[in-house]
Amino acid sequence: MELDPQEDQLFLATNRAGPNQRRQAIIVIGVAIVACLIAAPFARVPLPPAWAFLSVHESALFVISLITAALLFGQFEIVRSRALLILAAGYLYAAVMTVPHLLAFPGIFSPHGVFGDNPQISTWIFVFWRVGYEVAVIAYALMRHRGPAFGPRGAGGEIALAVAVALVAALLLTLIAIIFGSELPALVQPDGRYTKVTLVIAILTWSVALAVLFVFWRRKPDSVLDLWLSVVIVLSLLAALQSSLFNTGRFDFGFYSGRLFGLAAASFVLINLLVENGRLYAKLAAGQAELRRLTTVDPLTGIANRRAFDTVLDTEWRRAMRNRAGLSLLLLDVDCFKSFNDVYGHPAGDDCLRKIAGVLVGTARRGGELIARCGGEEFAVLLPGVGATEATALAQRVCQSVRDLNVAHAASTVTAYVTVSIGVAAMLAVRSTDPRQASPASLVERADRALYAAKAAGRDRVAEDVGQPAVRVAV
């Protein structure tokens, strides 16, 4: 499924990064590098263990990664890119791996971790956690320029498979760390200092991250997601420098600052996804407002259409019946309009209708009054809180205002100018059980009956229906 250019601008994964966003990314990277350089001389300064810091840090990573995964899965459901699906699964995997790492870390839930007294378990879980996430980012980097890989059918199956793969991978790698932790190379010494193997692994993962960054920047990042993922990679590199290369072990300054860098890195994609979702909701609200406008406004005259008239009529009729208030309706028809179109053409006819709509808008000015084009050359004016006498007087003013337009009509059987006939009906001052006003449609029927009477009496006039046969009203 291909998105059109306007839809492409709606998603972080497809919206092209602009100059402002590139500048923002460069500023973030610059600030992060300066902060890393400032912190580097203190990386080996020992600090006391802060178990609450670790709990809060990994809980925040869990929430951030999980929400990011959910938002990316949501975008995949529309964009249908395999690269986006893999990246979403990578964030889900990262979220899940925080749980066993926190459980295994010595001193948080038990002195040696809940999976045994082997101090290597939590370290290897951390390695598997970071490597698995980086593999997902690498896969995204290599596949991001490929088109949509799935058809327009529902994405539930693909998402379920990606979720299952992420969960199974997290489970298997956690079991490997637990079962074979004592047989794997030691990464941390009994005093909490890192071994040379840790340094080698850190250098390898750092090199992989550099390679991923090179893949991203070999060509300028196309999308906003590409841009901010490259920022995430840079911050992850700085985090690795702080927590694995500059420092010497657990609970020194680099250990803590590296995790803060990692938390910041994990937050950037989520922040941009949330900002984007806010923008999408704003676009959606504007689109819905425009859709409501298009479905309730007559495109020719700019006043309400028949759909809007029927809705408002039903509402106002119920309110009038409930409050026993006045409600009047004018039905207006342009005299001999078919002949006008035949003589002057449809563009002139459209212009005539617009002028009459302008007269109605300029005449009916009270709050709550509705002017609508009900079709063809027929208009309606709904007057809440207005009785028959006042409605008839308004109709007479409308008739006179239309005459004053002096729109030539050589084919008219009435005068040499465009005129209108108007039927007036008002709610009767009786209870709602009266069959003559059993529904809103009864008010329309009575106004239509009055309009027919005005036409039958010679047009260019007002007739009022009072619940009895229509009576001509002098003009």
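Coordinate-derived values only; no laboratory data. Predicted, not measured: the structure shown is a model, and the values here were computed from it. Reconstructed Cβ throughout: ideal geometry from the backbone, glycine too, with neighbour counts over all protein chains shown.
Suppose every K and R has +1 on its Cβ and every D and E has -1 on its Cβ; what is the size of the dipole of the chain about the Cα centre, in Debye to the nearest 20?
Numbers: 43 positive and 36 negative charges, 97 e Å.
Value, rounded to 20: 460 debye.
Going by the alpha-carbon gyration tensor, a ≥ b ≥ c the square roots of its eigenvalues, is the range 255-406 rounded (a/c under 1.5) or, if a/c is not under 1.5, prolate (a/b greater than b/c) versus oblate?
Prolate, since a/c reaches 1.5 and a/b exceeds b/c.
Please compute the length gained on full extension between residue 397 and residue 291, using 0.36 nm multiplied by the number of residues separating them and subtracting their Cα-Cα distance. Present the calculation step by step, with values, prior to reporting the outcome.
Numbers: separation 106, 0.36 × 106 = 38.16 nm, distance 3.42 nm.
So the extension gain works out to 34.7 nm.
Place a point 7 Å from the Cα of residue 311 along the Cα-to-Cβ direction; which residues of the range 352-391 have their backbone N under 20 Å from it?
367-376, 379-384
Report the relative contact order of the chain, percent, no decimals, based on alpha-carbon pairs under 8 angstrom and at least 6 residues apart.
On the way: 721 pairs, mean separation 63.4, N = 475.
Once normalised by length, the contact order is 13 percent.
Checking the a/c ratio against 1.5 first, then a/b against b/c, what shape does the Cα gyration tensor give for the chain? Before the final figure, lay out each step's value.
Values: a/c = 4.12, a/b = 3.22, b/c = 1.28.
Prolate.
Would you list, by chain and number, the aspartates and glutamates whose Cα falls below 15 Å from the Cα of residue 283, excluding same-chain residues fewer than 8 positions away?
Straight-line reach from residue 283, under 15 Å: 7, 8.
So what are the ³J(HN,Hα) numbers for the range 285-297, from phi and the Karplus equation (6.51, -1.76, 1.60; θ = phi - 60°), rounded to whole Hz, Gly and Pro as x?
The phi angles translate into 4, 5, x, 5, 5, 5, 5, 4, 5, 5, 8, 10, 10 Hz.
Give me the dipole magnitude in Debye, nearest 20, for the range 236-334 about the Cα centre, with unit charges on the beta carbon: positive for Lys and Arg, negative for Asp and Glu.
Working: 12 positive and 8 negative charges, 62 e Å.
Dipole about the Cα centre, nearest 20: 300 debye.
Sort 191-203, 120-132 by the packing proxy (mean of other Cβ within 10 Å over each peptide's residues), most packed first. Please list the in-between numbers first.
Numbers: 191-203: 15.1, 120-132: 22.5.
My ranking of the peptides, most packed first, is 120-132, 191-203.
Got a sec to turn the phi values of the range 344-356 into Karplus ³J(HN,Hα) couplings, 6.51 cos²θ - 1.76 cosθ + 1.60 with θ = phi - 60°, whole Hz, x for Gly and Pro?
9, x, 5, x, 5, x, 4, 5, 4, 5, 5, 5, 5
Please give the charge dipole size of the range 13-117, origin at the Cα centre, charges +1 on K and R Cβ atoms and -1 on D and E Cβ atoms. Round to the nearest 20 debye.
Numbers: 6 positive and 3 negative charges, 115 e Å.
Value, rounded to 20: 560 debye.
I'd like the distance separating the alpha-carbon centroids of the range 226-249 and the range 265-329, in whole Å.
48 Å
List, in order, the whole-Hz ³J(HN,Hα) value for each residue of the range 127-139 obtained from phi through the Karplus relation with A = 6.51, B = -1.76, C = 1.60 and θ = phi - 60°; use x for Gly and Pro.
4, 4, 4, 5, 5, x, 5, 5, 4, 5, 5, 4, 4
What is the extension gain from residue 342 to residue 191, computed as 0.36 nm multiplied by their sequence separation minus the C-alpha to C-alpha distance, in nm to one decimal?
Values: separation 151, 0.36 × 151 = 54.36 nm, distance 9.93 nm.
44.4 nm is the gain from fully extending residue 342 to residue 191.
For residue 17, enumerate residues with amide H under 5 Å from its amide H, sequence gap 5+ or separate chain, H modeled in the peptide plane.
Counting only residues 5 or more places away or on other chains, the set is 223, 224.
Starting from the amide H of residue 420, placed 1.01 Å from N in the peptide plane, find each other amide H under 5 Å away whose residue is 5 or more places distant or on another chain.
Amide H neighbours of residue 420: 335, 460.
Only helical DSSP H runs with n ≥ 4 go in: add -39500 (n - 2.57) per run for the chain, normalise by residue count and round the 222 nm mean residue ellipticity to 500 deg cm²/dmol. Numbers along the way, then the final one.
Values: 14 runs with 287 residues, N = 475.
Taking each H run of at least 4 residues, the total per residue is -21000 deg cm²/dmol.
Can you find, among 155, 43, 15, the residue farthest towards the positive end of the dipole of the range 5-292? Put +1 on the C-beta of Lys and Arg, -1 on that of Asp and Glu.
Of the options given, the answer is 15.
If you take the charge dipole of the range 306-473 about its Cα centre, with +1 on Lys and Arg Cβ and -1 on Asp and Glu Cβ, which of 362, 439, 309 is farthest toward its positive end?
Positive-end residue among those listed: 439.
Could you give the nm distance between label points at residue 22 and residue 406, where each point is 7 Å from its Cα heading toward the beta carbon?
The modelled label-to-label distance comes out at 6.3 nm.
Out of 200, 70, 229, whose Cα points farthest toward the positive end of the dipole of the range 5-292 (charges: +1 Lys, Arg; -1 Asp, Glu; placed on Cβ)?
Value computed over the given set: 229.
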